[in-house]
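Colleague: The structure follows.
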Amino acid sequence: MKAVIFAGGVGTRLWPLSRKHTPKQFEKVIGEKSTLQLAYDRISPIFKPSDIFISSGERYREILHGQLPSIPRENFILEPEMRDVGAAVGLVAAILEKVADSEPFIILWSDHLVKNEGLFRKILVTCGKILENKPNKIVFIGQKSRLATQNLGWIEFGEKIKDIEGLSVYEFKSLHYRPDLATAEEFHASEKHAWNPGYFGTTPSFLMSLYQKYAPQMYDGLVKIASSYGTSLFSDTLSNVFPTFEKVSFDNLILEKLTSSDGYVIGADFGWSDIGAWEQLKEALSTSEEENVTKGKVMLEDSKDSLVFNYTDQMVVGIDLSDYLVINTEDVVLVCPKESVPKIKKLVESLSGTEHEKLT
């Protein structure tokens, strides 16, 4: 079985720590390793370096090689420019079909936190076992919900099919991306829904068949790219064909069109959190809603439910903070209520073309 860790994207929801030249997945958001390195460490006990692939952008080549020196250079699948996740996943599937054919692979992400790593690895191994017998399936991994969030996708599953070594495998029903609050509350109360971390296992040949069915134009381009893989023509073919692909999410392109016969769901509580935004990082790292989360030189008085991260040698002092985010870097200080996080992306976009563009 292969594993692919996706490490693309800019990560504006973690600005000002995450910038275009050093996105969030390469930063030490938690502890002394980048989230990409943590993602690698999480699976290294069950995957050899030669079986781990990294999907990212060409502009990050040297950062990737520096942070993950044990992974073979040919296992870095680098896009010449960003075309959203639909194209990124397609590129991975096309190349893996060329080198691994029907060998199962797992899609993972580089900006997440998993607290129960032992259980997580057990789930990945179980995915591989299922796909060895059912190669024309997608096995989704669902995290038991902790709250009725509107900011995540949800997986709906049906009846239990079987248990494998203590893990329950269910029928796949459908995916729901960022529902409204009332719907999220229904999902959270239901015993047939789980958070969708975006992790799943399948085979390259089956995934390519889905591209052929639902995205035939992109599929044709992917076949051209894969045909040149391993030859002197690959770089030019990739540079010429990949930028022509539509910018579309993988969910919209493929996943939302799946039927119940296309997949299974493994549901469990493995302590997953999306830490791609500051308020999500706060939820992941705190043991209660009232607790503050801090990093670096920080002093808080009469404050609650706030995250204060200081990446400088200055002391940051907060008094009477409630539901606040304070991020202090060498050139930017961000202060806002947690509920204002969605505005960060718009603010960063507004800096383009101005004298402050270098801050993006």
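Since every read-out is calculated from the coordinates, none of them should be taken as a lab result. Worth saying up front: this structure is predicted, and the values here are computed from it rather than measured. Methodologically, a virtual Cβ is constructed for each residue, glycine included, from the backbone with ideal geometry; neighbour enumeration extends over all protein chains shown.
Colleague: Report, in cubic angstrom per residue, the convex hull volume of the C-alpha atoms of the range 2-277.
Modeller: Enclosed volume per residue, from the Cα hull, is 123 Å³.
Colleague: Cut-off is 10 Å between beta-carbons; in what order do 43, 161, 52, 266 appear when sorted fewest neighbours first?
Modeller: Exposure proxy ranking, most exposed first: 161, 43, 52, 266.
Colleague: Across all directions of projection, what mean area in square nanometres is found for the Cα convex hull of the range 199-283?
Modeller: Value for the range 199-283: 8.2 nm².
Colleague: Taking a threshold of 31 Å on the Cα-Cα distance, which of the pairs 122/338; 115/213; 224/358; 129/192; 213/338 fall above it?
Modeller: 122/338; 115/213; 224/358; 213/338
Colleague: Right, next: Output ³J(HN,Hα) for the range 331-339: one whole-Hz value per residue in order, computed from phi by the Karplus curve 6.51 cos²θ - 1.76 cosθ + 1.60 with θ = phi - 60°, and x for Gly and Pro.
Modeller: Coupling constants for the range 331-339: 10, 9, 10, 9, 9, 6, x, 4, 5 Hz.
Colleague: Once whole DSSP H runs in the chain are found, which of them have Cα atoms spread over 20 Å or more along the helix axis and a mean Kyte-Doolittle score of at least -1.0?
Modeller: Those that clear 20 Å and a mean of -1.0 are 84-100, 117-133.
Colleague: Now a separate question. In a solvent-free Debye calculation with one equal scatterer on each Cα, what is log10 I(q)/I(0) for the range 282-340 at q = 0.17, 0.18, 0.28 Å⁻¹, listed in the order of the q values?
Modeller: Debye intensities relative to I(0), on a log10 scale: -0.49, -0.55, -1.24.
Colleague: Okay, next question. On a C-alpha basis, how far is the centre of the range 70-137 from the centre of the range 208-227 in Å? Whole number, if you could?
Modeller: Using only Cα atoms to place each centre, the spacing works out to 18 Å.
Colleague: Using only alpha carbon pairs under 8 Å that are at least six residues apart, calculate the relative contact order of the range 282-340 and give it in whole percent.
Modeller: Computed over the range 282-340, the figure is 26 percent.
Colleague: Whole number please: convex hull volume per residue, Cα atoms of the range 201-360, in Å³.
Modeller: Enclosed volume per residue, from the Cα hull, is 209 Å³.
Colleague: How large is the translational diffusion coefficient of the range 73-126 in µm² per second when you combine the Kirkwood radius over alpha carbon pairs with Stokes-Einstein at 20 °C and 1.002 mPa s?
Modeller: 160 µm²/s
Colleague: Given an 8 Å cut-off on Cα distances and at least 6 residues of separation, report the relative contact order of the chain as a percent.
Modeller: 19 percent
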